[in-house]
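One structure below.
The values are calculated or read from the model by the stated rules, or taken from the named source; none is laboratory data. Predicted model, so just to flag it, every value in this text is computed and none were measured. Every residue, glycine as well, gets a Cβ built from its backbone with ideal geometry; the counts of neighbours run over all protein chains shown. Keep in mind that these areas ignore ligands, DNA and RNA; they rest on the heavy atoms of the full protein, side chains included. Shrake-Rupley method; radii C 1.70, N 1.55, O 1.52, S 1.80 Å.
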Amino acid sequence: MGDISRYLEIRDSLQTGDLVEFQGKSIISRLIRWRTKQIVNHTAIIIRLHSYFTERVFVTEALSLVTLSPLSERLKRYKGHVYVSRLKPLYASHRKDIGRFVLLQAGKKYDYSGLAKQVFGHINVDLHRLFCSELATAAYQATGLLNGAKALWPGEFQKTGLFEEKERLF
């Protein structure tokens with residue numbers, strides 16, 4: 001299980017719109033990394049609900065559905081490595097819109113067919129169903145931070161120039 005001590009050190013500085021990426025140990029995780037040539041295989045977006053919780057950090061991600069869950073709980077039970085990429089201060093004015101967008105996607109079904117098509121190349125974002133990096137791509141597109149219709153793969157967000165250097169939590 002994950003050692004969340006580093007997370008607890010930086011928790012208060014994490015903000016809506018920051019990216020969390022996971023490097024799992026399962027066969028599917030390894031296949032995704034092999035295909036994408038990236039060190040991570042799953043992407044999620046941090047969201048803070050300051051009106052309700054000042055100290056809690058949540059993560060929105062596409063699993064079987066688009067979900068919202070406490071990041072600490074997700075990290076405690078995760079087997080693998082986890083990285084955080086913080087949205088650059090230049091884009092701070094977009095954080096609220098990113099949060100609003102991902103909350104509006106909650107409950108949408110997972111895009112299994114889109115994920116399968118990603119094996120052959122990047123697909124266009126389709127908001128009817130979402131896989132993990134498709135959700136993140138759509139959020140940054142909807143707020144004007146990313147152009148283009150293609151969904152990025154986990155690990156490709158760093159090359160967009162939107163984020164600070166990726167930091168390993170564990």
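Only residues that are open to solvent by less than 10 Å² (accessible area, probe 1.4 Å), among the polar types (S, T, N, Q) and in a loop (DSSP other than H, G, I, E, B) were counted in segment 123-145, giving 0. Filtering V102, V82 for residues that are within 30 Å of S13 (Cα to Cα), among the β-branched types (V, I, T) and outside any helix (DSSP H, G or I) leaves a single hit, V82.
Of the residues making up segment 1-57, those that are open to solvent by 20 Å² or more (accessible area, probe 1.4 Å), within 17 Å of F131 (Cα to Cα) and β-branched (V, I, T) are I28, I32. Can you confirm whether segment 93-102 contains a residue that is more than 21 Å from Q141 (Cβ to Cβ) and either touching a residue at least 12 places away in the same chain (Cβ under 8 Å) or open to solvent by less than 20 Å² (accessible area, probe 1.4 Å) (or both)? Looking for residues that are more than 21 Å from Q141 (Cβ to Cβ) and either touching a residue at least 12 places away in the same chain (Cβ under 8 Å) or open to solvent by less than 20 Å² (accessible area, probe 1.4 Å) (or both), one finds none in segment 93-102, hence no. Of all residue pairs spaced 6 or more apart or on separate chains, those with beta-carbon atoms under 6 Å, a first member in segment 104-121 that is of a type in the set (G, A, S) and a second member that is part of a loop (DSSP other than H, G, I, E, B) and surrounded by 12 or more Cβ atoms within 10 Å (Cβ to Cβ) are G114/I123; G114/F131.
Would you check if V125 is in contact (Cβ under 8 Å) with a residue 12 or more places away in the chain and out of contact with any Leu (no Cβ under 7 Å at 6 or more places or on another chain)? Yes; evaluated as a whole, the condition is true for this residue. Listed by first and then second residue, the pairs with beta-carbon distance under 6 Å, at least 6 apart or on different chains, first residue in segment 60-77 and charged (D, E, K, R), second surrounded by 13 or more Cβ atoms within 10 Å (Cβ to Cβ) and not in a loop (DSSP other than H, G, I, E, B), are E61/A44; E61/C132; R74/V59.
Looking across Y83, Y78, Y112, one residue alone is among the aromatic types (F, W, Y), open to solvent by 40 Å² or more (accessible area, probe 1.4 Å) and touching a Phe, Trp or Tyr at 6+ places or on another chain (Cβ under 9 Å). It is Y112. Give the residues of segment 152-162 that are surrounded by 19 or more Cβ atoms within 10 Å (Cβ to Cβ) and more than 14 Å from Q38 (Cβ to Cβ), sorted by residue number. Correct list: L162 only. When I39, I10 are screened for being out of contact with any Ser or Thr (no Cβ under 9 Å at 6 or more places or on another chain) and either in a loop (DSSP other than H, G, I, E, B) or under 23 Å from G121 (Cα atoms) (or both), only I39 passes.
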